[in-house]
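Every number here is computed from the coordinates shown, using simple stated rules; none is lab data. Everything numeric in this text was worked out from a predicted model, so none of it was measured. Every residue, glycine among them, receives a Cβ derived from its backbone with ideal geometry; neighbour counts consider all protein chains shown.
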């Protein structure tokens, strides 16, 4: 009755298309007749009465099965016996007044990615294309409702949920043969599952160091025992899900096998808290973490420290880049720089004497192969006794002195020329007067 409280009187519904019930509420002391049309003949229904919690009388008409017809319109009306007037009337049909029971056996599964849940429920044997479902889910105080299209499959994937938090799901259903009509059922019993989490939550990482084996490692300290499940491609076709073979599994790790182009999908299921941890699909040639570069050697060439090493993965040596770090004893910060080419040698300009610690790591350059930096190589320690640093420091004052003298000489010449232009020399008056008198005497004689 509560499900149909918003419907107009008389409210009518069917459970299985072979039954049809109509009812309405009225105050105590009122009496009614109920009439319906069947086979073009108006018939009177025997009414049952039932008292409700709010002290009203529920009047109920249950149609005989022989008078229930689908795909046929019928007129129904309620007549007040005291006044012999029609108080309620409707024209309706059976098939658009279905009131089904809520779906049963609703099941929840991890959805294949973090934050996703797959919801499944049994499909009805009949009227599949007339069924419409609505899902209600609650996760971390957030509630949302999803209404599926009529005729949808009996499964649905919930997205963008909060990873690592419980999610509760309920479903209801209605059926109709038209665009409108039908009654929503009650909500199904609630079902709860823990929303799948990301691989980072359990520190799950997978990488290959040789383009043949993929090693997956994770941390079981927080969630306890967690077996690894995986599937991989064979000629671009996904295989079946498998659980890591114990012969390939050690504590918190598993070894998988494939080729450069093999794709993998892995997840963990932790028994504690029934949690699932998903890792994004990855390809072997994009998940490379080589061994640290080996054979690191040094050589002093002139005033430079030159290093040589061996590529950690020769088959892709042309696609590797390197990173070098060195530290002078007694200094805390490391000096770091990248070698963004496949060369396995480099020279450093080290300008201070002392003991140096040098390390190296490798990584694919990201063009054809990609992955993470390798661990740092074993440290190489070198004592530099060259006086390059002292010579460099000593040359600084001398160089400054030479530069100062040159600048002073240039400045003096420039000032002298400028002075001649701005202030030309004044002639000697005695010499000018003497020359003038000589010229006069010469002209007189």
| query | What is the stretch 202-286's relative contact order, in percent, from Cα pairs under 8 angstrom and six or more apart in sequence? | reply | 32
| What number, in percent, do you get for the relative contact order of the stretch 33-91 if the mean sequence gap of Cα pairs under 8 Å and at least 6 apart is divided by its residue count? | 31
| message | Counting other beta carbons within 10 Å of each residue's own, what order do 101, 322 fall into, fewest first? | response | 101, 322
| Between the stretch 56-88 and the stretch 113-174, what is the C-alpha centre distance in whole Å? | 37
| task | Can you tell me the FRET efficiency between residue 168 and residue 66 if r is taken as the Cβ-Cβ distance and R0 is 45 Å, rounded to the nearest 0.05? | result | 0.55
| request: For the stretch 263-381, state the semi-axes of the equivalent ellipsoid (square roots of 5 times the eigenvalues of the alpha-carbon gyration tensor), sorted largest first and rounded to whole angstrom. | output: 36, 18, 10
| request: May I ask you to work out the translational diffusion coefficient for the stretch 2-92 at 4 °C, viscosity 1.567 mPa s, via Stokes-Einstein with Rh from the Kirkwood sum over Cα pairs, reported in whole µm²/s? | output: 95
| note | Listing 381, 180 by rising number of other beta-carbon atoms within 10 angstrom, fewest first, gives 180, 381
| message | Taking 0.36 nm per residue of sequence separation and subtracting the Cα-Cα distance, how much length would be gained by fully extending the chain between residue 301 and residue 271, in nm to one decimal? | response | 4.8 nm
| task | In vacuum, with every alpha carbon of the stretch 102-159 counted as one equal point scatterer, what does the Debye formula give for log10 I(q)/I(0) at q = 0.17, 0.19, 0.30 Å⁻¹? Two decimals, please. | result | -0.60, -0.73, -1.38
| note | From fewest to most C-beta neighbours within 10 Å, the residues 257, 356 line up as 257, 356
| P(r) histogram, all alpha-carbon pairs of the stretch 107-195 included - 5 Å bins from 0, percent | 3, 14, 26, 23, 16, 10, 6, 2, 0
| field | For the stretch 183-239: Kirkwood Rh in Å [reciprocal of mean 1/r, alpha carbons] | value | 15.4
| Descending principal axes extents, the stretch 202-286, alpha-carbon based, whole Å | 37, 23, 23
| Over all distinct alpha-carbon pairs, what is the Kirkwood Rh of the stretch 14-173 in angstrom? | 19.1
